[in-house]
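Any read-out appearing in this document is the output of simple, stated calculations on the displayed coordinates, not a laboratory observation. Everything quoted here is computed from the prediction, not taken from an experiment. Reconstructed Cβ throughout: ideal geometry from the backbone, glycine too, with neighbour counts over all protein chains shown.
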Amino acid sequence: MALANTEPRRSRPVAFYAPAPEARLSLRRRSRPGEILIQGFLFICGAISILTTAGIIYVLGHESLLFFRNPDVSLLEFFTGTKWQPAILEFGILPLLNATLMTSMIALAVALPLGLSAAVYLSEYARPRARGVLKPILEVLAGIPTVVYGYFALSFMTPLLRTLFGANTVEIYNTASAGLVMGILILPLVTSMSEDALSAVPRSLREAAYALGATKLETAIKVVVPAALSGITAAFIIAASRAIGETMIVAVAAGAGPNFTFNPFRAAETMTGHIVRISGGDLSYDSIDYNSIFAIGMMLFFMTLVLNLISNRVVRRFREVYE
């Protein structure tokens, strides 16, 4: 019997070939002029945005400080007074603030339920072809000039309200018609943002609900909407900020005189409407009437700032991360 060869096998030497000098990879950072230009352009855009915001805040703060430093202006009267008549040195912001909040609440009462319902339909029920047709048509409403909405409120919504509730009850200029039409204005904003939030919910949550026997409506209301709560809440708050800052609709349809009333069928001037009305007149620079515009603008700025802070807090609180 032949004995097996127990001599260890010798491994062949491995040859290493050094790459040619021109084929070696360079680990040095390459200069990309196009990328540097794009980065510089984006930085300039961001800097311009920040500086513009800082400039607006500075102007508002500087002119508002001149207003509050006037000996005829009382800070307590400004926040608690019920009469705003700069001509006779009465500076109570409550009539303008009350009218602004009334029109905004009416607008939100119209836009929030209708916008969320439309968003649920587009996200959960509409076919892709129907969604592709209906969503752009709905967003066309956002492109209509707001002054057109104002005259629509004055020429259509007000006569409709006077027909329903009586001409003696509803004045020609009133906050109800302005608020209703303002709700139509912010409806596309609520619908679009809410629909995006609902569409971002993973399909697996819907399938899990269907597997447990839930209907389509139950899945949409009890599963999808709570999962998208952060995005929906952000849409609601942004819509509220948009309603508070709206100008032309209230300037045309709500009224042209400060009036402290809780009756939506009476005329009342909002903060933005008052700024438009008196800034179009003959106001001398650095007068108390002129500086009061910036005080009202600062009030609007703080209102929208608070809403944005609440929106960010709510988004962080209810944000869901799906993996």
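Numbers for the structure displayed
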| item | result |
| --- | --- |
| Longest segment of the chain lacking chymotrypsin sites (Phe, Trp or Tyr not before Pro) that sit in a DSSP loop with at most 10 other Cβ atoms within 10 Å | 18-261 |
| FRET efficiency for V140 and F260, using Cβ-Cβ distance with R0 set to 56 Å, rounded to 0.05 | 0.90 |
| The chain pair-distance distribution - Cα-Cα, 20 Å bins, rounded % | 23, 42, 21, 8, 4, 2, 0 |
| Tensor-based shape of region 37-161 (alpha-carbon gyration tensor, a/c under 1.5 rounded, otherwise prolate or oblate) | oblate |
| Computed FRET value (nearest 0.05) for Y151 with T53, which takes r as the C-beta separation and R₀ as 30 Å | 0.40 |
| Degrees separating the helix 288-318 axis from the principal Cα axis of the chain, which is the longest one | 40 |
| Virtual paramagnetic centre 7 Å along Cα→Cβ of S199, amide N under 15 Å, in region 218-259 | 232 |
| Backbone HN-Hα couplings from phi across region 178-188 [Karplus 6.51/-1.76/1.60, Hz, Gly and Pro as x] | 5, x, 5, 6, 5, x, 5, 5, 8, 4, x |
| Potential extension, L76-L42 segment - 0.36 nm per residue separation minus Cα distance | 7.7 nm |
| Principal axis box of region 214-303, alpha-carbon based, largest edge first, Å | 66, 29, 19 |
| Region 31-64-region 223-239 distance, computed between alpha-carbon centres (Å) | 31 |
| Long-range HN-HN contacts of F91 with modeled amide H, under 5 Å | Q85 |
| Region 271-317: C-alpha pair distances exceeding 18 Å, % | 44 |
| The chain: relative contact order as a whole-number percent, Cα under 8 Å and 6+ apart | 23 |
| For region 92-216, convex hull of alpha carbons as volume per residue, Å³ | 156 |
